[in-house]
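Below is one structure, written out as C-alpha cells, with a few remarks after it.
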Amino acid sequence: MTDFFADLERQLVDATPRRPQRLRRARRQRLALLSTILLLVVAGGAGLATAISGSDAGTSAGSGPVAPATTAAQTIPAPSGATPRRGAYTVAVLNGTTVPGLARAVANRLQNNKYKIGNVTNGPDQPRTKTTVTFTPGHADRALRVAKLLGLAPAVVSPASARERALAGQTATVIVTVGSDQNTAPTP
C-alpha cells in the first residue's frame with residue numbers, strides 16, 4: 001500500500017506545475033469560442049435586421065398596436081431619396097366592385113410591372129367607383145408609386161384601415177382596392 005500512496009503523491013507533485021498552463025489554455029479556448037459565437041450572433045442579427053427592414057430602416061412590421069381606421073385621405077409626403085425595388089415589397093389587390101376578375105386583372109398589370117403580388121380577394125366595400133391605394137405605416141412612398149403606375153392621383157393614397165390590412169394579409173405593405181374606374185373592358 002505504501003507504493004500506491006507514494007506513486008499518487010509523486011503524480012500530484014509532478015502535475016502541479018502543468019496545471020496552470022492547462023487552465024490558461026482552456027480559458028483561451030473558451031474565450032475564442034465565445035468570441036466567435038458572439039461575432040456570429042452580431043453578424044446574423046445585423047443581416048436579419050437588414051432583411052426584415054429592407055430599405056426602410058425606420059420601420060418595423062408587426063410592432064405596436066394596429067392603427068385606427070381612417071376615412072379621409074391624408075396629405076402624403078413626396079417619396080424620399082432611396083427608391084425600393086418594386087419586387088422588394090408586397091402589394092395586395094382587393095376587388096371593390098361586383099365585376100368578376102377585376103382585381104386579378106389589376107394584379108396582373110402590377111405583376112407585369114415587376115411588383116410582388118400578395119392576396120387578391122374581394123374588398124370590404126363592393127360598390128366602389130374609384131380605386132384607392134392604402135399603405136401600412138412607413139410605406140406611403142411605395143403606395144404613391146403604385147398609384148402612379150395605375151394612373152391615379154396622389155389624393156387616393158391614404159393609410160390602410162385595420163379591416164383592409166386584415167384582408168390584405170400580413171406581408172402586404174401596399175393595398176389596392178379596385179374600383180369600377182379600372183374596368184377597361186368594353187361594355188356589350
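The values are calculated or read from the model by the stated rules, or taken from the named source; none is laboratory data. The structure presented is a predicted model; accordingly, all values stated were derived computationally and were not measured. Because the Cβ atoms are built from the backbone with ideal geometry, glycine has one as well, and the counts that use them run over all protein chains shown. The accessibility values were calculated without ligands, DNA or RNA, using every heavy atom of the protein model including side chains. Shrake-Rupley method; radii C 1.70, N 1.55, O 1.52, S 1.80 Å.
In terms of modelled amide H atoms, which long-range or inter-chain residues lie less than 5 Å from the amide H of Ile117?
Amide H neighbours of Ile117, under 5 Å, 5+ apart: Val91.
Please report the net charge: other residues with Cβ closer than 11 Å to the Cβ of Asn95, K and R +1, D and E -1.
Summing Lys and Arg as +1 and Asp and Glu as -1 gives +1.
Determine the order of Glu9, Glu164 by accessible area, beginning with the largest, at a probe radius of 1.4 Å.
Solvent-accessible surface, decreasing: Glu9, Glu164.
Residue by residue, what Karplus-based ³J(HN,Hα) values in Hz, rounded to whole numbers, does the stretch 118-129 have, using 6.51, -1.76 and 1.60 with θ = phi - 60° and x for Gly and Pro?
Once θ is set to phi - 60°, the couplings for the stretch 118-129 become x, 5, 10, 8, 6, x, x, 10, 7, x, 7, 9 Hz.
Rounded to the nearest 0.05, what FRET efficiency do Ala32 and Lys114 give with R0 = 41 Å and r taken as the Cβ-Cβ distance? Could you check?
Here the calculated transfer efficiency is 0.30.
Amide H neighbours of Ser158 under 5 Å, at least 5 residues apart or on other chains, H built in the peptide plane: list them.
Val133, Thr134, Phe135
Taking the Cα-to-Cβ direction at Ala6 and at Ala88 and moving 7 Å from each Cα, how far apart do the two end points lie in nm?
Output for this residue pair reads 8.0 nm.
Hey, got the dipole for the stretch 93-164? About the Cα centre, +1 on K and R Cβ, -1 on D and E Cβ, debye to the nearest 20?
Value, rounded to 20: 220 debye.
If you take every residue apart from Asp181 with its C-beta less than 10 Å away from the C-beta of Asp181, what net charge results, scoring Lys and Arg +1 and Asp and Glu -1?
My count for the surroundings of Asp181 gives +2.
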